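Derivation of every value follows stated rules applied to the coordinates shown; laboratory data play no part. Quick caveat: nothing in here was measured; it's all calculated off a predicted structure. Don't worry about glycine lacking a Cβ; one is built from the backbone with ideal geometry, like all the others, and counts go over all protein chains shown.
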Amino acid sequence: MAAPLAGDLSLIYNALLAAFGHQHWWPAETPFETMIGAILAQNVAWTNAAQAVRNLDAAGMLDPHLLAGADAGEIARLIVPSRFYNQKAERIREFARVYVAEFQADPAAMAAVEAETLRKRLLALRGLGKETVDSILLYACGKPVFVVDAYTRRIFSRYGLLPEGASYDHMQRLFADNLEEDVALFNDYHAQIVFLGNTICRKSPLCDRCPVRVIGGTLRCARGQA
């Protein structure tokens, strides 16, 4: 498959931005809240993850030192809305321990680490996959790392820019190879993709509402256009 043009990706982003407005993502008060939110958002809708974050905050537990020293059961009790709460409690506690021990619970110290080095360190933590780690890198540390997910695969395969079975790395290269490194762009582009995939480009898509569909030119959706 020929490499997609940067122009196609720019057209898609501009269409989404014009239709939906800036998404102002990730919704969090602090970088640490963003980090914990990324872990809680694994395999669950953001509304559930957000409720779990609020529960931690209300209990005074949205603190790296407290989470690092907490009993996993105590954490799990507070994050039930996020599903898989026992596993996530262990992951949160381990992450908090590393954040305190290696980065002094300082988001600036974490952000100062070179992106690939930091990515490898976080991927070494049990239960933290590429999407979670890249979300932390982009949204909490301000690293120009494009986050991709199942919505990305669905939308861009329908437009012929990705194969249906594209791997995470393959999807990520699509954007890394064709867009300038820009944290603000990467931030909102991913958020736009999530919004489109969640509201319109579903498994059963609402093609008549899709702002990408009206772009035309070389872009043709396999589901919504001839």
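Numerical summary
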quantity: Nearest-20 debye value, the chain charge dipole, Cβ charges on Lys, Arg, Asp, Glu; calculated: 960
quantity: Segment 170-214 residues near the modelled H22 label - backbone nitrogen below 20 Å, point 7 Å along Cα→Cβ; calculated: 180-196
quantity: Pairwise label distance in nanometres, E181 with T218, each label 7 Å out on the Cα-Cβ vector; calculated: 2.6
quantity: Gain on full stretching of the segment that runs from K203 to E29 - 0.36 nm per residue minus C-alpha separation; calculated: 59.4 nm
quantity: Nearest-ten-degree value, helix 31-40 long axis tilted from longest Cα axis of the chain; calculated: 80
quantity: Label assignment, Rg and Dmax of the Cα atoms in Å derived from the structure, set [x] 16.1, 46; [y] 18.4, 58; [z] 17.0, 56; calculated: [y]
quantity: Neighbour-count ranking [beta-carbon atoms within 10 angstrom, fewest first] of H24, H170; calculated: H24, H170
quantity: Residues M61, M35, sorted so that the one with the fewest Cβ neighbours within 10 Å comes first; calculated: M61, M35
quantity: Coordinate range along principal axes, alpha carbons of segment 160-200, Å, largest first; calculated: 28, 27, 16
quantity: Farthest positive-ward along segment 1-136 dipole, Cα basis, beta-carbon charges - from V44, F103, G7; calculated: V44
quantity: Highest-fluctuation residue, A38, A28, A109 considered, GNM on the chain with Cα pairs under 10 Å; calculated: A109
